[in-house]
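Novice: One structure, as C-alpha cells, below. Some questions next.
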Amino acid sequence: MDISLLFTVLFAVLILSVLFNSRATAIEELEYSAEEGEKMDFSVLRKAVEEVESVDGHCHNIVAFDSNSVQGFIQAFTVGAFGDAEAFAFAQQSLSFKRSLRDIAKLYGTGLSLESVEEYRRVSGIQSITSTCFKAARFSAILMDDGIDMMDKVYDIEWHKTFAPFVGRILRTERVAEKILEQVRYLHTFTFNMHIPLLVKFSGFRFLSIIVTVANEIYALKSIAAYYGGLEINLNVAKTDAEEDLRQLLNAGKPLFLLNYKSLVSYIFLQSLEVSLSYDLPMQIHTGFGDKLLDLRKSNPLHFRAVLEDKRYSKCRFVYLDFGLAIPKLSVHGMISAVKDLLNLAPLSKVMFSTDAYTFPETFYLGAKNSREVVFSVLRDACINGDLSLPEAVEAAKDIFARNAIRFYNISSAKVVP
C-alpha cells in the first residue's frame, strides 16, 4: 500500500474514533443534571412510572369479535377507517403499526405477524385476551364513554368491571339528546302532532331529567359538538332557531342525527353546561382528530374560546386536550414530542393520562404501555434539563397517571388507591 494512502486511512480512523468517543461522552453526560457534577439515578423514576396503577380518564367499550363493526384486527391500528381496505393496507406500513405489532406479539408470545396474532386472539377468546391486556396495563380505574352507538355487540360497563378494579361512566350528552328526539318524533308523527315550541320544551325537560337522574352515577359529561358542526358554540342561540332546527330534523327522516343542525346542537350543549355546573361534573370536549364525519378545521379548541371566557361557565371544569390516541398512534418521536408540547405550557396538576382505547383490548394495553415509556422519557429529560428535580419528577408521574384524575373526577380514594 502506498505510504501516503496508509497515513490517510489511519488519520480517517483516528478522526472517526475521536468523533465516536465525543458522541459517547456527550450521551453519557446526559445522565447528569443541569447542575454541574450531579449525576442522577433514574431507576427511581422508572420504578415510579412502571408501578403506579393508572386511571384511564377516557376510553370506550370493547366489542365482540363477531361484531359487524369490526373488519379484522387491523382496524385496531387505524382511526376512522371503517371498511376502508386501502387505509388498512397503508396502515401496515406505518411506524406505529410495526412497533405495536411487535409489542402485542411479545405480550402474547406469538410470531411476529398479523396472522399469528389474529390466530392467537381467535383461539384464546375475548375474555382471555382482555384479562391479559388489562393486567399488563395496570389500571386502577377506567372512565368509559359508552355512547358510541354505531356498533353492535358492544360489551356494557358491567362486563368491563370483571377486568378493572373500578369502572366509571362518562355520559355522552348528544347521544342522550338523540334518543330523546326519537321519542319526540314519535309524539310528533303518530300521537299528538305537537307544535314545535312545545316539542322543544318537552325535549329540554326530558334531556335535563334524564341527566339529573344519573348525575350521581356518572363521573363526567362529554360533548361531541365538534362532530356536529364544530366547536364554535352559539352562546346566545335563540330558542326559535333551535325550534326551526328541530322542525327540519323531524321532517328529515331516519336515521335521526344532529349533524348540521347547529342551533339545536348549541341549545343542547348549553343545557348540558347547566347540569355540569349544578352537579359539579367535569365536561369532556372532543377536539381534534376523529372519524370522517368530523371537519378537523372546526374541531380546533381555539374555536371554543368564547365558552371558556364566558363568565356564566367560568366554574365549569372542562377537559379539552389529552394525549390519548396520539399515544400510541404516532412514532416514538411523535409521541414524545406531543407530551413535551403539553408540558411546555400546562401545569403538571392538569395533565392526565388516558388511552382513548376502543373496540379492541389491545388498544388499552398499547395506550398504557407506550404512555409509561413516553412519560418516563419526558420527565427524565425535564430532570436533565433542570426543569424538575428527581423527587419532583416522581411526584409528577404519580399525578399524571393517577392522582390528578382521582381529584378532578372526584373518584373516591376508597375505590382507587394510586
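Novice: Give me the lysines in straight-line cross-link reach of residue 254: C-alpha distance below 17 Å, same-chain residues under 8 apart excluded.
Specialist: Within reach: 179.
Novice: Would you work out if the stretch 282-418 is rounded, prolate or oblate? Take a ≥ b ≥ c from the square roots of the eigenvalues of the alpha-carbon gyration tensor; rounded if a/c is under 1.5, else prolate when a/b is larger than b/c, oblate otherwise. Working shown, then result.
Specialist: Numbers: a/c = 1.39, a/b = 1.21, b/c = 1.15.
Because its axes are fairly even, with a/c under 1.5, the stretch 282-418 counts as rounded.
Novice: Please figure out what share of the DSSP beta bridges in the stretch 43-408 is antiparallel and state it in percent, rounded to the nearest 5. Please list the in-between numbers first.
Specialist: On the way: 1 of 21 bridges.
Bridges in the stretch 43-408 are about 5 percent antiparallel.
Novice: With only Lys, Arg, Asp and Glu charged, each at its Cβ (+1 for the first two, -1 for the last two), find how big the charge dipole of the stretch 67-153 is about the Cα centre; round to the nearest 20 debye. Spell out each step's value before the answer.
Specialist: On the way: 9 positive and 10 negative charges, 114 e Å.
Magnitude of the dipole: close to 540 debye.
Novice: Extension gain residue 315-residue 302, at 0.36 nm per residue separation less the Cα-Cα distance, in nm?
Specialist: Details: separation 13, 0.36 × 13 = 4.68 nm, distance 1.90 nm.
So the extension gain works out to 2.8 nm.
Novice: Going 7 Å from the Cα of residue 182 in the Cα-to-Cβ direction, what parts of the stretch 210-224 have a backbone nitrogen less than 14 Å from that spot?
Specialist: none
Novice: So how much slack lies between residue 377 and residue 254, counting 0.36 nm per residue of separation and subtracting their Cα-Cα distance, in nm? Walk me through the intermediate numbers first.
Specialist: Numbers: separation 123, 0.36 × 123 = 44.28 nm, distance 4.96 nm.
Length gained between residue 377 and residue 254: 39.3 nm.
Novice: OK, next. Could you tell me which residue out of 360, 306, 69 lies farthest along the dipole of the stretch 43-408 toward its positive end? Charges go on the beta carbon: Lys and Arg +1, Asp and Glu -1, centred on the Cα centre.
Specialist: 306
Novice: Taking Cα pairs under 8 Å and at least six residues apart, what relative contact order does the stretch 43-408 come out at, in percent? All intermediate terms of the calculation are to be shown ahead of the outcome.
Specialist: Numbers: 562 pairs, mean separation 88.8, N = 366.
Contact order relative to length: 24 percent.
Novice: Using the number of other C-beta atoms within 10 angstrom as an exposure proxy, rank 59, 316 with the fewest first.
Specialist: Values: 59 25, 316 19.
Ordered by Cβ neighbours within 10 Å, fewest first: 316, 59.
Novice: Show me the ranking of peptides 207-213, 366-372 by mean Cβ neighbours inside 10 Å, starting with the highest.
Specialist: Working: 207-213: 15.3, 366-372: 24.3.
Listed from highest to lowest mean packing, they are 366-372, 207-213.
Novice: Another question, then. Modelled label-to-label distance, residue 410 and residue 212, 7 Å Cα→beta-carbon offset: nm?
Specialist: 1.6
Novice: Once you've got the Cα coordinates, tell me which of 369/398; 161/398; 47/340 are over 18 Å apart. Write down the numbers at each step before the final one.
Specialist: Values: 369/398 15 Å; 161/398 23 Å; 47/340 21 Å.
Distance filter (> 18 Å) returns 161/398; 47/340.
Novice: Regarding the stretch 43-408, what's the average projected area of the Cα-atom convex hull, expressed in nm²? All intermediate terms of the calculation are to be shown ahead of the outcome.
Specialist: On the way: hull surface 76.0 nm².
The directionally averaged projection comes out at 19.0 nm².
Novice: Sticking with this one: Can you compute the FRET efficiency between residue 113 and residue 238 using 1/(1 + (r/R0)^6), with r the Cβ-Cβ distance and R0 = 56 Å? Round to the nearest 0.05.
Specialist: Once the sixth-power term is evaluated, E becomes 0.45.
Novice: With a cut-off of 18 Å, note down the residues of the stretch 394-409 whose backbone N falls inside the zone around a label point 7 Å from the Cα of residue 43 toward its beta carbon.
Specialist: Answer for the stretch 394-409: 394.
Novice: Charges only on Cβ, +1 for Lys and Arg, -1 for Asp and Glu: so what's the dipole of the stretch 43-408 about the Cα centre, in debye to the nearest 20?
Specialist: Values: 41 positive and 42 negative charges, 72 e Å.
Once rounded to the nearest 20, the dipole reads 340 debye.
Where a number appears in this text, it was derived from the coordinates with a stated rule and is not lab data. A quick note: this is a predicted structure, and the numbers were derived from the prediction, not measured. Note: ideal-geometry Cβ built from the backbone for every residue, glycine included; neighbour counts use all protein chains shown.
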